[in-house]
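Participant: One structure, pasted below without further comment.
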Amino acid sequence: MDLKQIAKDTTKVIISYLTYQAVRTVIAQLNETDPPRALWLHTFSTKERIQDGEAYIQDLFREEQSLAFRILTVREHLANEVCEFLPEMVRTGIQQANMQQRRQQLERMTQFDPASSETHPEQSGTEPDNS
């Protein structure tokens, strides 16, 4: 298990997610101040590969530099606000999710099914009493 590579991959996913959230924030802001530009950014974002935050920003710089800079600023602000709490929230979230999964699995494993617990004469090896 290469923990450094896992950390790098996780960081890339978080950066891309914060880019996505920054785009949503900028679109919401533009909807109030400049609806045509909001529509343009929304349309651009549906066509471009927003799953890869860095590739998306590079493509946006080619099309609309001022929006790209605005998204970078919002993304950095989000990172500064969110990342402080992230390590503890991730640890706690994983622990709670794992506990929930284990509890659900234990409940499934120990469920009592009355239909399967009835003794059928052919299963018990005895014949029913017909007297």
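Participant: For volume of the Cα convex hull per residue in Å³, pick the label among (1) 96; (2) 142; (3) 238 that corresponds to the value derived from the coordinates.
Facilitator: (3)
Participant: Please work out the Cα center distance from segment 1-66 to segment 85-111, rounded to the nearest Å.
Facilitator: 31 Å
Participant: Just to check I understand the Karplus step: with θ = phi - 60° and J = 6.51 cos²θ - 1.76 cosθ + 1.60, what whole-Hz values come out for segment 67-78, glycine and proline as x?
Facilitator: 5, 4, 5, 5, 5, 4, 5, 5, 4, 5, 4, 4
Participant: Using Cα springs under 10 Å in a Gaussian network model of the chain, which residue among Ala22, Ala38, Ala97 shows the largest mean-square fluctuation?
Facilitator: In the Gaussian network model the winner is Ala97.
Participant: So, one more: What's the magnitude of the charge dipole for segment 3-86 around its Cα centre, counting Lys and Arg as +1 and Asp and Glu as -1 at the beta-carbon? Answer in Debye, nearest 20. Before the final figure, lay out the partial values.
Facilitator: On the way: 10 positive and 12 negative charges, 43 e Å.
It comes to approximately 200 debye.
Each value in this text was obtained by applying a stated rule to the coordinates, not by laboratory testing. Because the structure is a prediction, the values reported are computed rather than measured. Backbone-built Cβ (ideal geometry, glycine too); neighbour counts: all protein chains shown.
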